[in-house]
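Engineer: Dropping the structure in here first, questions after.
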Amino acid sequence: MEAGRSAGTPAIELEDATVAFRLADARMFTAVAQARLSVADGEFVAIVGPTGCGKSTLLNIAAGLLRPVSGAARIFGQPLAGLNRDAGYLFQADSLFPWKTALENVAIGLEVGGRARGEARARAERWLASVGLAAFAGRYPHMLSGGQRKRVGLAQVLIRDPRILLMDEPFGPLDAQTRQIMGNLLLDLWSRDRKAVLFVTHDLEEAIALADRVVIMSAGPGSRIIGDWRVALARPRDIFEIRLEKDFHDLHREIWGVLKDEVMKGYAQSATPVETRA
Amino acid sequence: MSRGRLLLYQALVAVAIVALWHVLTTVPVSGRILLPPFFFSNPFDVGKQIVDWFVTGAIWRHLAITLWESILAFVIGSLGGVLFGFWFARQPRVAAVFDPYVKMANALPRVVLAPIFTLWLGLGIWSKVALGVTLVFFIVFFNVYQGVKEVSGAVLANARMLGMNERQLMRHVYWPSALSWMFSSLHTSVGFAVVGAVVGEYLGSAAGLGYLIQQAEGVFDVAGVFAGMFVLSAFVILIDLLVTVAERRLLKWRPEAERHAA
Ligand SMILES: Nc1ncnc2c1ncn2[C@@H]1O[C@H](COP(=O)(O)OP(=O)(O)O)[C@@H](O)[C@H]1O
Ligand SMILES: [Mg+2]
């Protein structure tokens, strides 16, 4: 019974989660309003939305770094209190420890979890190899390229084998070729044990190529989830090739029809600051 | 410019200055010596004095004392700075309460403290160490405070998501960040440790480079004053070289351009 129930329990469930920030002048700014989202175990969900709409905010709720002012977040059925211990989080900003080498950066998650240093380092070496950076173990982050740093970050998160993977525009600052290579690497690693993934991007093509579901957020403030599409493209996928398929194009056109308006709204609103709720 | 060429040019500057000094203090120009040796001495007398000091070995005791005072001032000042910097940064309330007093203490010119330290601690090394400590402490304190405060939010959030508890955050995040700020101000704090020692000696002591210079001034021995200054400069440059080596090891994770941020 227990197993049957947990199989149906979503890995992440946001129920009408609303997040407001207190601004410097003490007014409240509602970033995300009544977000309702569910990610099944083993499902790869991509969130797309105009910049500033609250994508990072949504991930921070799922990570337990932010608490919604109303609504709830549940992780595998349990209400989230404090940090989400089941989640690994690849941040949008550079977040490697600059004073640790690539190897030490990857190993640290195991070391602080109580693993022996030797074992942690040995496993970190294997993880660095599987993101293609075996030869860079001794380098410090500033000696790595942006793409290499992201790969170290990925290994740093995955080595702890989290049940949920949160990724915030992980390939955002990379060039087009590197993004595609990283995308394929991610799909390859993900296909080995199919964690639940919540993947934020501003790139609709990337979202469709990678995900099982694409979720669209409206422009803020008070951003909402306004669309949810299932991506029926077969796996395993090669994201170089998949962009050439007709189904890909049809879905892209359909989603873009909705997203386009929000992107325009997002630009218009970021030009004139709007506050909601005094 | 290649390294060899750079060294050559640097040596040429020294040669030129010494030559000029020599000419102006010994060769009469239209019947008059422009820089009277009584006030400006001359390179030979100064050189002879320096050689004398080293040949007789008289200088070593003074050098050792000044070095020892500087080391003690640096170590004690740094320890205090790290401890208080860390404590204040992690306890914003403590920091807020003490803030005006920290600023007041730091704004005080330390020289005025020298007589008081001599009164309290006597003419021995400790009054000089104390003066150095008051200089080193604040540099290290402010840098460590900043280092703890300025840890990037993303790095901190990442550390917490990777499962670090408070103690591990201290060890793996705050501590390295604080130390890196402290190390990047190493040249300044070591320099001030020496300044504290020498100024302290100058204002009242029985040994050390500052004492040597002060004694020479007392009997209008200009050659002695200049010789003392040259030995002191060489001493400071040597220590600075050591700091550069230490810094290169300690901050090897930082891009070259950022190492002298503070
Ligand atoms: N700490 C904060 N205080 C005030 N406003 C914030 C804060 N963090 C984010 N915001 C605002 O919330 C909105 C959503 O931010 P974010 O989730 O970072 O957007 P994005 O979709 O680009 O990731 C933005 O308008 C941003 O300005
Ligand atoms: Mg964002």
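Engineer: Below 8 Å, C-alpha to C-alpha, sequence gap of six or more: please give me the relative contact order for the range B:104-187 in percent.
Structural biologist: The value is 30 percent.
Engineer: A further question on this structure: Just subtract the alpha-carbon distance of residue B:54 and residue B:33 from 0.36 nm times their residue separation and send over the number in nm, one decimal.
Structural biologist: 4.5 nm
Engineer: For the protein assembly as shown, list log₁₀ I(q)/I(0) at each q in 0.07, 0.09, 0.10, 0.11 Å⁻¹, using the Debye formula over Cα point scatterers of equal strength and ignoring solvent, two decimals each.
Structural biologist: For the protein assembly as shown, the Cα-only Debye profile gives -0.60, -0.81, -0.91, -1.02.
Engineer: Take the alpha carbon atoms of chain A, find their radius of gyration, then divide it by 2.2 N^0.38 Å using N residues; give the quotient.
Structural biologist: 1.02
Engineer: Could you identify which residue out of B:75, B:94, B:133 has the top mean-square fluctuation in a GNM of chain B using Cα springs shorter than 10 Å?
Structural biologist: Of B:75, B:94, B:133, the Gaussian network model singles out B:94 as fluctuating most.
Engineer: Largest first, how would B:222, A:214, B:195, B:13 line up by accessible area (1.4 Å probe)?
Structural biologist: B:13, B:195, B:222, A:214
Engineer: Rank these by accessible area, largest first, 1.4 Å probe: A:66, B:67.
Structural biologist: Largest accessible area first, the residues go B:67, A:66.
Engineer: What ³J(HN,Hα) values, in whole Hz, does the Karplus curve 6.51 cos²θ - 1.76 cosθ + 1.60 give for the range A:82-96 when θ = phi - 60°, with x put for Gly and Pro?
Structural biologist: Karplus-based 3J(HN,Hα) across the range A:82-96 equals x, 6, 7, 6, 8, 10, x, 10, 9, 7, 5, 7, 4, 9, 5 Hz.
Engineer: Also, I was wondering about something else. Which residue fluctuates most in the GNM of chain B (Cα springs below 10 Å): B:64, B:14, B:73?
Structural biologist: B:14
Engineer: For each pair in B:103/B:149; A:150/B:149; A:55/B:149; A:150/A:260, compute the distance between the two Cα atoms and list the pairs where it is over 22 Å.
Structural biologist: Check vs 22 Å cut-off fails for A:150/B:149; A:55/B:149; A:150/A:260.
Engineer: A follow-up question, please. Whole percent per 5 Å bin, from 0 to the bin with the longest distance: what is P(r) over all C-alpha pairs of the range B:1-40?
Structural biologist: All Cα pairs considered, the percentages come to 6, 23, 19, 15, 11, 9, 8, 7, 2.
Engineer: Using a 1.4 angstrom probe on the protein heavy atoms only, line up A:256, B:181 by accessible area, largest first.
Structural biologist: Descending accessible area places them as A:256, B:181.
Engineer: With every protein chain kept in place and ligands, DNA and RNA left out, what is the accessible area per residue of the range B:26-70? Probe 1.4 Å, answer in Å².
Structural biologist: Accessible area per residue: 66 Å².
Engineer: Kindly work out what percent of the DSSP beta bridges joining two residues of the protein assembly as shown are antiparallel, to the nearest 5.
Structural biologist: Restricted to the protein assembly as shown, the bridges split so that about 50 percent are antiparallel.
Engineer: Of A:45, B:234, A:142, which is farthest on the positive side of the dipole of the protein assembly as shown, counting Cα position, with +1 on Lys and Arg Cβ, -1 on Asp and Glu Cβ, and the Cα centre as origin?
Structural biologist: Sorting the options by dipole projection puts first B:234.
Engineer: Follow-up question, since we're still on this one. For residue A:227, what residues show an amide H to amide H distance below 5 Å, using hydrogens built from the backbone and excluding near sequence neighbours?
Structural biologist: The list, which skips near neighbours in sequence, is A:216.
Engineer: Okay, next question. Which whole-number percent is the relative contact order of the range B:45-261 (Cα, under 8 Å, 6+ apart)?
Structural biologist: Relative CO of the range B:45-261 lands at 28 percent.
Engineer: What is the helix-to-structure angle for B:209-218, meaning the angle in degrees between its Cα long axis and the longest Cα principal axis of chain B, kept from 0 to 90 and rounded to the nearest 10?
Structural biologist: 40 degrees
Engineer: Continuing with this model, one more query. What is the sum of charges around residue A:239, taking Lys and Arg as +1, Asp and Glu as -1, for the other residues whose C-beta is under 12 Å from the C-beta of residue A:239?
Structural biologist: Every neighbour counted, the sum reads -3.
The values are calculated or read from the model by the stated rules, or taken from the named source; none is laboratory data. Keep in mind that what you see is a predicted model, and the values were worked out from it rather than measured. No Cβ is skipped: glycine too gets one built from the backbone with ideal geometry, and neighbour counts run over all protein chains shown. For the accessible areas, the whole protein counts, side chains as well, though only heavy atoms, and no ligand, DNA or RNA atoms are used. Shrake-Rupley method; radii C 1.70, N 1.55, O 1.52, S 1.80 Å.
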